[in-house]
Amino acid sequence: MTASPSRIIAIYPGSFDPITNGHLDLIARGSRLVDRLIVAVLQNSRKKPVFSVEERGEMLKEVVKPYSNVEVSLFNGLLVEYAAARGANLILRGIRAISDYEYELQMALMNRRLAPQIETMFLMASEEYSFVSSQLVKEIASLGGDVSGLVPAEIDRRLKLLVGARPSSK
Ligand code: ADP
């Protein structure tokens, strides 16, 4: 069954390891443009995650509670296949800088080749989060740096717990 053109069901895929305020800003803005937004956590990522896919899903569910048309799911395999199975007609992605552009363009063109009926929509990162990435947040937090304001409070708490649990190198 294909969705009617007037109803936009979008998928926002990613690793979300962990979710940052940059992701959340994209979710908030994206949710206003579509009928339903499915935030989909990729399970078969080549990146070695700090948080398990279940933990990432849980954290996302907690922070997207205020958005009534947003749901969280976990997925494996080809994104376009998952999107089709969920009746989605749009893929949402974010672009922070030129460095994101090349990879995002390649993925969008490949996905279009695989599933021409699904469009990819890009939102530009908000200025205040355009330098925020999950990778950088993890690095700073692991060195004891302050990442409050860059991630939701619950994620900040979990990152601090991770650092506390790590044996000291001193
Ligand atoms: P992936 O492993 O698929 O790149 P990420 O969780 O790193 O997963 O990112 C998912 C999407 O969110 C990507 O399109 C990425 O460009 C976008 N994104 C990541 N951080 C931000 C941010 N601070 N502002 C806007 N978009 C972002």
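The values are calculated or read from the model by the stated rules, or taken from the named source; none is laboratory data. Owing to the predicted nature of the structure, the values given are computational and were not obtained by experimental measurement. Note: ideal-geometry Cβ built from the backbone for every residue, glycine included; neighbour counts use all protein chains shown. For accessibility, only protein heavy atoms count, side chains too; no ligands or nucleic acids. Shrake-Rupley method; radii C 1.70, N 1.55, O 1.52, S 1.80 Å.
Residue count for region 72-110 satisfying the condition of being over 20 Å from residue 130 (Cβ atoms), of a type outside the set (S, T, N, Q) and open to solvent by 60 Å² or more (accessible area, probe 1.4 Å): 7.
Here is a yes/no grid of residues against (1) out of contact with any Pro (no Cβ under 7 Å at 6 or more places or on another chain); (2) at pLDDT 95 or above; (3) over 20 Å from residue 27 (Cα atoms):
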| site | (1), (2), (3) |
| --- | --- |
| 129 | yes, yes, no |
| 134 | no, yes, no |
| 144 | yes, no, yes |
| 161 | yes, no, yes |
| 168 | yes, no, yes |
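For region 89-146, which positions are in contact with an Asp or Glu (Cβ under 9 Å, 6 or more places away or on another chain), more than 10 Å from the ligand (Cβ to nearest atom) and touching a residue at least 40 places away in the same chain (Cβ under 8 Å)? Residues satisfying the conditions are 89, 90, 138.
The set of residues from region 21-34 being of a type outside the set (Val, Ile, Thr) and either in contact (Cβ under 8 Å) with a residue 24 or more places away in the chain or at positive phi (or both) comprises 21, 22, 23, 24, 25, 26, 28, 29, 30, 31, 33. Residues in region 32-61 that are more than 14 Å from the ligand (Cβ to nearest atom) and either over 17 Å from residue 138 (Cα atoms) or in contact with a helix residue (DSSP H, G or I) (Cβ under 6 Å, 6 or more places away or on another chain) (or both): 32, 33, 34, 35, 36, 54, 58, 61. When residue 18 is tested against the conditions (1) on the phi < 0 side of the Ramachandran plot; (2) in a loop (DSSP other than H, G, I, E, B); (3) open to solvent by less than 50 Å² (accessible area, probe 1.4 Å); (4) away from the ligand (no atom under 11 Å from the Cβ), the lone failure is (4). Set side by side, the residues 16, 75 differ, and just one is of a type in the set (Phe, Trp, Tyr), farther than 20 Å from residue 110 by Cα and at pLDDT 95 or above, which is 16.
A search for C-beta distances below 6 Å between a residue of region 35-46 that is in contact (Cβ under 8 Å) with a residue 12 or more places away in the chain and any residue that is among the β-branched types (Val, Ile, Thr) and assigned to a loop (DSSP other than H, G, I, E, B), counting only pairs 6+ apart in sequence or on different chains, returns 35/8.
Take the residues in region 30-60 that are touching a Ser or Thr at 6+ places or on another chain (Cβ under 8 Å) and surrounded by fewer than 16 Cβ atoms within 10 Å (Cβ to Cβ), then tell me which one is nearest to residue 133 (Cα to Cα). Across region 30-60, the extreme among qualifying residues is 47. For region 78-98, give me the residue count where each residue is within 15 Å of residue 120 (Cα to Cα) and at pLDDT below 95. Number of matching residues: 0.
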